[in-house]
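Since the structure comes first, as structure tokens, the remarks are kept for the end.
The values are calculated or read from the model by the stated rules, or taken from the named source; none is laboratory data. All of these numbers come straight from a predicted model, not from anything done at the bench. Using ideal geometry, Cβ is built from the backbone for each residue, glycine included, and neighbour counts are taken over all protein chains shown.
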Amino acid sequence: MSNLPFDPLLLSIAAPLAVAVAIALGVPKRVVVKLAYVGFALPALLALHVWWYFSTAAKEAHGYAFLTNYSTGLDGFGISLKLGLNGISLPLFVLAGVVGLAAGLYALQSGAERMKTYLLLLLVMQAGLMGVFASVNVFFFYFFHELALIPTFIMVGIWGGRDRSYAAMTLTIYLTAGAMLSLLGLVALYVKSGAGSFDLLALRDTLAAAPLGKVTQTHIFGLLLFGFGILVSLWPFHSWAPMGYQAAPSSAAMLHAGVLKKFGLYGLIQIGLPLLPLGAAHWAFALAALAGFGNVLVIGLVTIAQKDLKQMVGYSSVMHMGYAFLGIAAGTAFGVGGVVLLMVAHGLSVALMFLLSTSIYHRTHTYDMDRMGGLVQKAPVLAWLFVAATFASIGLPGFANFWGELTIFVSLWNFSHTLTVVAVAGTVISAVYGLRAAAKVFFGEPTGAFVQVAQAHPPADLSWSEKIPAFILVATLLFIGLWPSSLAGPINRALPGAPAAVEASR
Amino acid sequence: MTPELTALLVLLVPAASAATITLLLSRRPSAASAVSVLASAFVAYGALALALGGSRFSVSLEWLRLGTFTVGIGFRYDDLAALMLGIVGIVGLCVHVFSLGYMHDDAARARYFGGLSIFMFSMIGIVLADNLFMMFIFWELVGFSSYFLINHYNRLQSAADASKKAFIVNRVGDFGFLLGIILCYWANGTVSLAGIDAAQASGHLVYSRLIPLLLFCGAVGKSAQLPLQVWLPDAMEGPTPVSALIHAATMVAAGIYMLCRIHVLMVPDALTVIVWVGSATAFYAALCAITQSDIKKVLAYSTLSQLGYMVAAFGLGSTGAAMFHLTTHAFFKALLFLGSGSVIYGCHHEQNIFKMGGLRSRMPVTFLTFTVAVAAIIGLPGLAGFFSKDAILALAYDTNRAVFAVLTLTAVLTSFYMVRLWKIAFLGEPRSEAAAHAHEGGFAFTAPLLLLAVFSALAGYLRLYPSGFSGILSLVPESEHESTHLVVLGVSLVVLVAGVGSALALYSTDGTDALEVRSPGTFEFLTALRASFDKAYGYYVAKVQQRFAMVLNFIDVVGLAGVALRGLAGITEIAGFGLRALHTGRLNNYVYWFLGGAVVLWAYAAGFL
């Protein structure tokens, strides 16, 4: 346990949920804002707290710390609210806290219509995100995902940009399909394991003693792979992502692309790889081929063709998920560690990109990059933050993303030379679209269209309420970039148990 | 201070300077420039103290460990690092001081000096890196610094385009570089320089053609060798002191430095490729320089050409000759660029040499020091370039006569285009209002020029180097054949006379390009030759890559998002009436159905129903 008089994991879920309930019950507007600050800040602070104490905290089974179990009345089915963190969930728990805080702060200053409802939905989403990564019980892992996912649909439907109903529908169809497939896989796992429990630790123990047969593993892993794969925008099931993010309000896009999307990868790493090593080995090459040629190469090139800033960010995010899949496919212990690093780094940088894109929109009144230019003269802080975000996402050393990509590239070589070449070539592609966007939006001479907009609405630089969430994200990216051991330390504690099994099975 | 601590401070003080400027001094340009200049003074002091102190050491720490994979951070301070760090320190300080004058009226000079400090930090990281991953990390960071500083005048479309191009072209080179490092990691189990040396000493080093050639790709990008040379001339969009420091003396030389760091991995076939890439670049760039009218562009192509000499020297198997020429070139090319900066500043940002003229009397210090630098680069006996270039020519004469011929021909062209530049810019009468009113800048301009002029004059005498620097320079090859010395000396003199004489005879100071007037065919051919690479790449980017991307985008949007999604929607339609809510776009219905179902299931499972 931690040295707090309460369970930090439970509180990090309960706090935003409680604030959401309070808002729903109709507390006055002034109080809503104050409460919302608490609802967004508390999970972040608690996440930092558990990160700080993780290395010294007592480790229980399978390297989990902070374990607690709450009864739900369904204990007979193996469904209990079991919370805890291991080296893989801890970095993502911190990610959820940090991005949640930034997204919340950005929402609070956004001046969105029906602000109360907007905050309410975001807080529910935040609670779900903290819950996903704190849950040791697979049932709740899935439940919290749905808890966070449904507000996303609603927010796109209500506050979305143009084509919002089409985007919301697309998003709903794809993500529900993905969620259903993975649910099928999880239920199959529950049934076939014979453990009679959704408790991940019990599943691990049972399956370590009596692993499933190769055919069963292959079938179940296939369900999980494509179910989770859709949720993480594995090519060719990615179409929802650019469309959905294009329409989504910025804070929802930040939370979904930054954190919730990692659910699928997390499921594969935390559940799929350790419990179904033979299934993982069977699917590895198909996964790598889809991710390498589809996500990295094809979508990388598609990203180059984008003219819409937000779609560009959406596609680039699909591309970077390819790297994460490649790391999972490569199946080495340190490659999977690299995937966890990349998940955190990508979550931070893509959230920052969506935040800044919206701030750009408020100054240019368009997302069309051909109608911008020279914005650095009006908004230098915005410009240099965008340049920092761009360089972070294209893997410049000094930012967290570099470590994830480097580790994945190195681990990939022994899996497939060709795919390593493809993956490294992706770094050139991402430099092309990233720097092209920065140049089109900020540098050179302003386009005629932007000159007109700037005359009608003279653009100002970022306000402090926009800067602070952006600074939080940049600072975290730099912190991990300069001191990767801050996350690699915890990750290492979880590595031997998880993917080593895959290596042994080869 | 222990040497290790000094090295650490030399690395971190510029980083601290950059951080301070970014966070605290972005609106206080004077304080920012003072911090940055003091940081560079400390670097120069530290670099000299370390070298002269004589200690050589290596230290290493773990930076990242994931499972069995580790990336270290450490210093390998040997003779090679000592020399390179000394060059970076001295040239860096000169450029910082010069920038005080040159950038004095620039509103964004806090950002500029912050950028210089980031660059110093990144460059020193490359110099001190004890393993290839760390070198790659700082390698990318100098690429970023270069992007940042080329983009200094970011209102200009040309600067925005040039900075983007520089970074992307470098990434193309780094694509190979990183693959090479990964290959080396798996082949040898280590990427630490000490580990590679140890593997070689014990006979366990894995030799392959692929590893050194992939690593060489990094040098091709950073040192702007064919076919990735296109970014360097464009990089002249940056402020002139940046061109001196980054795009002439230090960063572009990092490619050669890196090759010298990993020379034990080389195999004969790889060296053959390297020597020909270097020679071809040297010759091609010299041809390009002849038709340029922008003073900085002439110097940029000259830099390419000289880098080609260094790469060729390395390819001929001598790190000593390559590093010797790198050293002398750093001084005289930095001097040439700072001299051109002085001229540009004096002429109110006029860069066209045909609009200059008559600067000899108006800017005497600049003229004098520029003349020393020109004499050094064309190899006038007694000056720095004479010795280092002759070392390469002698090496080529002994080992590869074809390379010798190419490099000799390049030397003729070098003296030709440099004397052309010198004569047109400085001699005759002023050909513009700006040139007529040109005047020498202050002490911040002249002091660095004079200091670099002294180095450009004397850096060729190996005996003058303190013992702390001579470790690598003692490897400069001395031909065993008496005849080689005589032949090379004779050829050099002939080359010099031919190049200088023809340039003096051909070009006049009347404001026209004599080659263009007298032989338009030749002039057009050279111009087209220069533009050919940019044209080819421009065609590829606009007509191939962009169109391919558009096609893929079309397939993605129409094929996948459209048809596949319609298909999915169709299935759901068939699947049942209840799901029809989806298709009417009434999302809330779906959500309520979902939530309701979940509650019912839960209640059923829990035994409440």
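Quick look at the values:
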{"item": "The one condition in (1) more than 16 Å from B:HIS263 (Cα to Cα); (2) at pLDDT 90 or above; (3) more than 10 Å from chain A (Cβ to nearest Cβ) that B:GLY189 fails to fulfil", "result": "(2)"}
{"item": "Residue match in region A:57-67 (condition: of a type in the set (Gly, Ala, Ser), within 14 Å of another protein chain (Cβ to nearest Cβ) and within 13 Å of A:ASP199 (Cα to Cα))", "result": "no"}
{"item": "Any helices (runs of 4 or more DSSP H) falling wholly within region B:151-252 and containing at least 1 residues that are among the hydroxyl-bearing types (Ser, Thr, Tyr) and crowded, with 20+ Cβ neighbours inside 10 Å", "result": "B:157-188, B:240-244"}
{"item": "Test: B:ALA375 is in a helix (DSSP H, G or I) and either under 23 Å from the mean Cα position of the chain (by Cα) or in contact (Cβ under 8 Å) with a residue 24 or more places away in the chain (or both)", "result": "no"}
{"item": "Single match in A:SER233, A:SER197, A:SER165, A:SER182 (criterion: touching a Gly at 6+ places or on another chain (Cβ under 6 Å), among the polar types (S, T, N, Q) and within 26 Å of A:HIS346 (Cα to Cα))", "result": "A:SER182"}
{"item": "Number of the condition not met by A:ILE408 [criteria: (1) at the interface with another protein chain (Cβ under 10 Å from one of its Cβ atoms); (2) farther than 30 Å from A:PHE450 by Cβ; (3) under 22 Å from the mean Cα position of the chain (by Cα); (4) aliphatic (A, V, I, L, M)]", "result": "(1)"}
{"item": "Selection within region B:10-66 - within 14 Å of another protein chain (Cβ to nearest Cβ), surrounded by 23 or more Cβ atoms within 10 Å (Cβ to Cβ) and within 17 Å of B:MET103 (Cβ to Cβ)", "result": "B:ALA18, B:ILE21"}
{"item": "Subset of region A:134-150 that is modelled with pLDDT of 90 or more and more than 23 Å from A:ALA188 (Cβ to Cβ) - its residue that is surrounded by the fewest Cβ atoms within 10 Å (Cβ to Cβ)", "result": "A:ALA148"}
{"item": "Qualifying positions in region B:180-209 - β-branched (Val, Ile, Thr) and in contact with a strand residue (DSSP E or B) (Cβ under 6 Å, 6 or more places away or on another chain)", "result": "B:VAL191"}
{"item": "Filter result for the condition that a residue is touching a residue at least 40 places away in the same chain (Cβ under 8 Å), touching a strand residue (DSSP E or B) at 6+ places or on another chain (Cβ under 9 Å) and within 14 Å of another protein chain (Cβ to nearest Cβ), over A:GLY337, A:GLY374, A:GLY327", "result": "A:GLY337"}
{"item": "Of the criteria (1) more than 9 Å from chain A (Cβ to nearest Cβ); (2) closer than 18 Å to B:LEU85 by Cα, which one B:PHE136 fails", "result": "(1)"}
{"item": "Looking only at region A:413-432, and only at residues there that are touching a residue at least 12 places away in the same chain (Cβ under 8 Å) and within 7 Å of chain B (Cβ to nearest Cβ), the one that is farthest from B:ASN188 (Cα to Cα)", "result": "A:VAL432"}
{"item": "Filter pass, A:LEU356 being within 13 Å of chain B (Cβ to nearest Cβ), over 13 Å from the mean Cα position of the chain (by Cα), touching a residue at least 60 places away in the same chain (Cβ under 8 Å) and under 26 Å from A:ALA248 (Cβ atoms)", "result": "no"}
{"item": "So B:ILE353, is it over 24 Å from the mean Cα position of the chain (by Cα), at pLDDT below 95 and of a type in the set (A, V, I, L, M)", "result": "yes"}
{"item": "Residues being out of contact with any Ser or Thr (no Cβ under 9 Å at 6 or more places or on another chain) and either at the interface with chain B (Cβ under 7 Å from one of its Cβ atoms) or aliphatic (A, V, I, L, M) (or both) - total across region A:433-450", "result": "2"}
{"item": "Residues located in region B:431-448, provided they are over 23 Å from B:LEU83 (Cβ atoms) and in contact with a Cys (Cβ under 9 Å, 6 or more places away or on another chain)", "result": "B:SER432, B:ALA434, B:ALA435, B:HIS437, B:ALA438, B:ALA447"}
{"item": "Residue satisfying condition, being more than 11 Å from chain B (Cβ to nearest Cβ), closer than 26 Å to A:GLY338 by Cα and in a helix (DSSP H, G or I), within set A:VAL124, A:VAL99", "result": "A:VAL99"}
{"item": "Pairs, first at the interface with chain B (Cβ under 8 Å from one of its Cβ atoms) and closer than 16 Å to A:PHE237 by Cα in region A:294-305, second part of a helix (DSSP H, G or I) and at pLDDT below 90, C-beta under 7 Å, six or more apart", "result": "A:VAL298/B:LEU552; A:VAL302/B:ALA549; A:VAL302/B:LEU552; A:VAL302/B:ASN553; A:VAL302/B:ASP556"}
{"item": "Considering residues of region B:449-484 that are of a type in the set (D, E, K, R) and part of a loop (DSSP other than H, G, I, E, B) only, the residue surrounded by the most Cβ atoms within 10 Å (Cβ to Cβ)", "result": "B:GLU478"}
{"item": "Residue in region A:14-25 that is surrounded by fewer than 17 Cβ atoms within 10 Å (Cβ to Cβ) and touching a helix residue (DSSP H, G or I) at 6+ places or on another chain (Cβ under 7 Å) present", "result": "yes"}
{"item": "Flag if B:LEU271 is surrounded by 22 or more Cβ atoms within 10 Å (Cβ to Cβ) and either within 14 Å of chain A (Cβ to nearest Cβ) or of a type outside the set (Ser, Thr, Tyr) (or both)", "result": "no"}
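Listed here are the residues, each with its yes/no results for (1) away from chain B (no Cβ under 12 Å); (2) under 25 Å from A:PRO91 (Cα atoms); (3) part of a helix (DSSP H, G or I).
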position	(1), (2), (3)
A:GLU146	no, yes, yes
A:LEU149	no, yes, yes
A:ILE154	no, no, yes
A:ILE158	no, no, yes
A:THR170	no, no, yes
A:LEU175	no, yes, yes
A:ALA179	no, yes, yes
A:LYS192	yes, no, yes
A:GLY196	yes, no, no
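Listed here are the residues, each with its yes/no results for (1) more than 10 Å from chain A (Cβ to nearest Cβ); (2) over 25 Å from B:LEU335 (Cβ atoms); (3) not charged (D, E, K, R).
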{"site": "B:ILE124", "(1), (2), (3)": "yes, no, yes"}
{"site": "B:LEU132", "(1), (2), (3)": "yes, yes, yes"}
{"site": "B:GLU140", "(1), (2), (3)": "no, yes, no"}
{"site": "B:HIS152", "(1), (2), (3)": "yes, no, yes"}
{"site": "B:ARG171", "(1), (2), (3)": "no, yes, no"}
